[in-house]
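Participant: Attaching a single structure in structure tokens format; questions to follow.
The values are calculated or read from the model by the stated rules, or taken from the named source; none is laboratory data. Bear in mind that the values here come from a model prediction, so they are computed numbers and not experimental data. A quick note on method: Cβ atoms are made from the backbone with ideal geometry, for glycine too, and the neighbour counts reach across all protein chains shown. SASA here: full protein model, heavy atoms, side chains in, ligands and nucleic acids out. Shrake-Rupley method; radii C 1.70, N 1.55, O 1.52, S 1.80 Å.
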Amino acid sequence: MADADHAYLDARVSMMATGLHDPDTIDRLATLPLSALVDQLGLDALLDAAPSPRARSRAIEQALVHQLLAELQVLIRPLQGDERELMLAWGRKYALYNLKTLLRGKLHALEAETIAEQLFDLPAPIRLPIHTLFRAESVEELLRQLETGPYRQIARQAREVYARRREPFALEAAIDQHYYLGLARHVRTFGAPHGTALRRLIGAALDRVDLLWLLRFRLCYGLSPSETFYWLVPSTGLLGRERLLRLVALDGLEPVIEALPAPLAGQLAGSDDIAEVQRRVNIHSATIARALLAHGDSAPARALAYLMLRETDLLRLFAIIQGRLLGLAQHTIDAALERAPSGCTWRAAACARREEA
């Protein structure tokens, strides 16, 4: 990337970063009634246009995703080559959400209209050929349709896994796994001056995914160490291949946390359930992204850090709006926002139930 493009992207990111919400703002928004909340966010027209709570929720979600991906398109304008492809590879997760929706619809023989209602309307650079995929007669044919273009590796691997196992879980896990493998592969191609920052940023995201998958697969789903390791993606951060091999062999939450490298072991010490691990590891990865955004000297890394933080921002806003639309208790919304340790959330829920009784 030329110096002028570097300067333009840095300036764009710095300007856009001023719109990120700090924790105090999220806390304030979380206490607002629905009407005041959507008015502040400029989304009130969507509520007026949608006829049902479900339609309103979907319209809000579509609008927030559209906002995020519009910002992605702004940030990739000065980028070329590997830098542009990495940013698009990150954004393709939303196309993969659409792919999984299409696959579930095919597996459950849903009507095309029902499936279409659940799809995100995506910009051209990451869009799937939806109309072609709708015409596919089977899961295998649908995936084969994608075996050219940017989704070819994910589609091929998913089709091969499904042919062997015929399990929806394995199919979706293969899609997720190869999405993250693609990100790891992209960042390993970068040298100076951007490679170190990008590997740290993507590494923190992969550390988070690997740790949560490892704990869920081993402790919740009861998978063996070897099967758990099969689904993990060696990180460019703290949890590389050899460390993951050691971690999957451990039984129980506490031994896994104790065996983690610094600073994760210290930051997660005392976590007594996976929800609390998730809350703390999310803080860890967000802290790295914020540091790179504030002080990094790589424009592509700062841009990707911004998008990651912006996505978290918008997901939190959607959690608040969704909670208000569904009439959920405040402690349930707080749990979705991860505003407090999980134990505090459940104690608050128990207190609320006692008060209601």
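Participant: Between Asp251 and Glu160, what FRET efficiency follows from the Cβ-Cβ distance if R0 is 41 Å, with the result rounded to 0.05? Write out the running numbers ahead of the final one.
Facilitator: Details: r = 31 Å, r/R0 = 0.76.
About 0.85, to the nearest 0.05.
Participant: Divide by every residue of the chain the summed helix terms, -39500 (n - 2.57) for each DSSP H run of at least 4, and state the resulting mean residue ellipticity at 222 nm, rounded to the nearest 500 deg cm²/dmol.
Facilitator: Details: 21 runs with 258 residues, N = 357.
Computed ellipticity for the chain at 222 nm equals -22500 deg cm²/dmol.
Participant: Name the residue farthest towards the positive end of the dipole of the chain from the options Leu171, Ala294, Thr236, assuming +1 on Cβ of Lys and Arg, -1 on Cβ of Asp and Glu, about the Cα centre.
Facilitator: Leu171
Participant: Check which residues have an amide H placed less than 5 Å from Leu223's amide H, if you skip close sequence neighbours.
Facilitator: Arg218
Participant: Please give the contour-minus-distance gain from Thr132 to Ala116: 0.36 nm per residue of separation, less the Cα-Cα distance, rounded to one decimal in nm.
Facilitator: Numbers: separation 16, 0.36 × 16 = 5.76 nm, distance 1.30 nm.
Using 0.36 nm per residue and subtracting the Cα-Cα distance, I get 4.5 nm.
Participant: Let me ask something additional. Given Ile257, Phe217, Leu88, which one lies farthest toward the positive end of the charge dipole of the chain, if we put +1 on the Cβ of every Lys and Arg and -1 on the Cβ of every Asp and Glu?
Facilitator: Of the options given, the answer is Phe217.
Participant: List, in order, the whole-Hz ³J(HN,Hα) value for each residue of the range 75-83 obtained from phi through the Karplus relation with A = 6.51, B = -1.76, C = 1.60 and θ = phi - 60°; use x for Gly and Pro.
Facilitator: After applying 6.51 cos²θ - 1.76 cosθ + 1.60, I find 6, 8, 4, x, 8, 9, x, 4, 5 Hz.
Participant: Quote the charge dipole size of the chain about the Cα centre in Debye, to the nearest 20; the model charges only the Cβ of Lys and Arg (+1) and of Asp and Glu (-1).
Facilitator: Values: 42 positive and 43 negative charges, 135 e Å.
The dipole magnitude comes to about 640 debye.
Participant: Mind telling me which of Thr189, Thr31, Thr312 comes out most flexible in a GNM of the chain, alpha-carbon contacts under 10 Å?
Facilitator: It is Thr189.
Participant: Between Glu140, Glu311, Glu113, find the one with the highest GNM mean-square fluctuation for the chain; connect C-alpha pairs within less than 10 Å.
Facilitator: Answer for the Gaussian network model of the chain: Glu113.
Participant: Roll a 1.4 Å probe over the protein chains and send me the accessible area per residue for the chain in Å².
Facilitator: Working: 17120 Å² over 357 residues.
Value for the chain: 48 Å² per residue.
Participant: How much of the accessible area of the chain, probe 1.4 Å, is carbon plus sulfur, in whole percent? It would help to have the intermediate numbers written out before the result.
Facilitator: Working: 9010 of 17120 Å².
That fraction is 53 percent.
Participant: On to the next question. What do you get for Rg/Rh over the chain if you use C-alpha atoms and the Kirkwood form of Rh? Don't skip to the answer; put the middle values down first.
Facilitator: Working: Rg = 21.0 Å, Rh = 22.0 Å.
Rg/Rh: 0.95.
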